[in-house]
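In what follows, a structure is listed as structure tokens, so that the remarks can point back to it.
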Ligand code: PRP
């Protein structure tokens with residue numbers, strides 16, 4: 001039996017569809033239930049930011065989560081497979097027409113991804129004032145809260161509609177299948193078996 005942590009929303013739905021394709025039966029959570037038990041799997045419905053925590057602490061053996069979230073959280077888990085879903089990038093955005101000038105002192109950067117942001121500017125030896133926000137990041141430069149943002153860009157629509165544009169890409173991201181390090185040893189056969197099946201589905205589109 002493998003316990004699988006899935007992030008609530010589109011990715012959970014798409015992952016369950018992969019399982020349906022593999023096993024030819026229905027995989028769906030009942031109404032508001034957070035656990036779905038099948039013959040060989042127990043699925044947990046958790047918040048996206050909590051997936052790696054469940055896996056890292058072995059409350060789940062495997063999970064599905066975005067690379068951006070993994071990089072931000074830095075939890076030690078095995079990255080098994082790029083599912084090539086939820087493709088997006090983490091980028092720096094500024095008001096349209098403005099240029100990124102890293103020599104300017106006291107740059108203010110708004111983001112929900114504090115660690116990725118910190119690392120990016122540290123690597124360039126630039127000291128910045130990072131302002132942690134929890135959402136609607138695009139608003140910050142518009143009202144003078146920040147000079148720029150570091151945020152997820154998927155279609156680019158949110159930035160565009162708010163008069164911002166990407167001035168620099170930081171990283172590409174997509175959804176990954178991850179595993180707990182101990183589970184990966186103790187349940188190696190089970191994990192490799194589902195890994196291979198998922199890999200084949202992903203490979204064949
Ligand atoms: C994310 C991100 C951007 C938006 C990008 O926000 O923070 O705001 O999606 O998508 P787009 O490039 O396709 O427009 P999310 O929807 O997670 O909401 P949040 O701002 O409340 O975190």
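Any read-out appearing in this document is the output of simple, stated calculations on the displayed coordinates, not a laboratory observation. Small disclaimer: the values here were computed from a predicted structure and weren't measured. Using ideal geometry, Cβ is built from the backbone for each residue, glycine included, and neighbour counts are taken over all protein chains shown.
Checking a compactness column here: for segment 42-85, what do you get for Rg(Cα) / (2.2 N^0.38 Å), N being the number of residues?
Values: Rg = 9.7 Å, N = 44, 2.2 N^0.38 = 9.3 Å.
Ratio of Rg to 2.2 N^0.38 Å for segment 42-85: 1.05.
Under a GNM of the chain (C-alpha, springs under 10 Å), which listed residue has the highest mean-square fluctuation: 43, 29, 121?
Of 43, 29, 121, the most mobile in the Gaussian network model is 121.
Rg over Rh of the chain, using C-alpha atoms and the Kirkwood radius, what does it come to?
Across the chain, the Cα-based Rg/Rh ratio is 1.04.
Between the alpha-carbon centers of segment 96-116 and segment 172-205, tell me the distance in whole angstrom.
36
I'd like the orientation of helix 10-23 relative to the chain: the angle between its Cα long axis and the longest Cα principal axis, in ° from 0 to 90, rounded to 10.
The helix 10-23 is inclined about 30 degrees to the chain.
Among 120, 184, 176, which one shows the biggest mean-square fluctuation in a GNM of the chain, springs joining Cα atoms closer than 10 Å?
Judging by the Gaussian network model, the answer is 120.
Given the DSSP H assignment, sum -39500 (n - 2.57) over each helix run of at least 4 residues in the chain and divide by its residue total; what's the result at 222 nm in deg cm²/dmol, nearest 500? Don't skip to the answer; put the middle values down first.
On the way: 8 runs with 68 residues, N = 205.
Calculated mean residue ellipticity at 222 nm is -9000 deg cm²/dmol.
Which percent of the Cα-Cα distances in segment 88-173 go past 15 Å? The partial results should precede the final answer.
Numbers: 1897 of 3655 pairs.
Roughly 52 percent, rounded to a whole number.
Tell me, what is the FRET efficiency for residue 40 and residue 87 to the nearest 0.05, using R0 = 30 angstrom and their Cβ-Cβ distance as r? If you can, show how the numbers build up before the last one.
Working: r = 29 Å, r/R0 = 0.97.
According to the calculation, E is roughly 0.55.
Take segment 1-88, drop everything but the C-alpha atoms, weight them equally and run the Debye formula without solvent; then report log10 I(q)/I(0) at 0.14, 0.15 Å⁻¹ to two decimals.
With one equal scatterer per Cα and no solvent, log10 I(q)/I(0) is -0.45, -0.52.
Among 144, 86, 163, which one shows the biggest mean-square fluctuation in a GNM of the chain, springs joining Cα atoms closer than 10 Å?
Comparing 144, 86, 163 in the GNM, the peak value goes to 144.
Using the Kirkwood formula on the Cα atoms of segment 30-142, what hydrodynamic radius do you get, in angstrom to one decimal?
Values: mean 1/r = 0.0592 Å⁻¹.
Result for segment 30-142 stands at 16.9 Å.
Residues in segment 73-109, backbone N under 11 Å from the label point at residue 115 (7 Å along the Cα-to-beta-carbon vector): list them, ranges by number please.
Residues 73-77 qualify, since their backbone N sits under 11 Å from the label point.
Sorted from fewest to most neighbouring beta carbons within 10 Å, what does the list 174, 25, 136 look like? Before the final figure, lay out each step's value.
On the way: 174 15, 25 9, 136 12.
Listing 174, 25, 136 from fewest to most nearby Cβ atoms yields 25, 136, 174.
Tilt of helix 114-123 relative to the longest C-alpha principal axis of the chain, in degrees (0 to 90, nearest 10)?
Once rounded, the angle reads 60 degrees.
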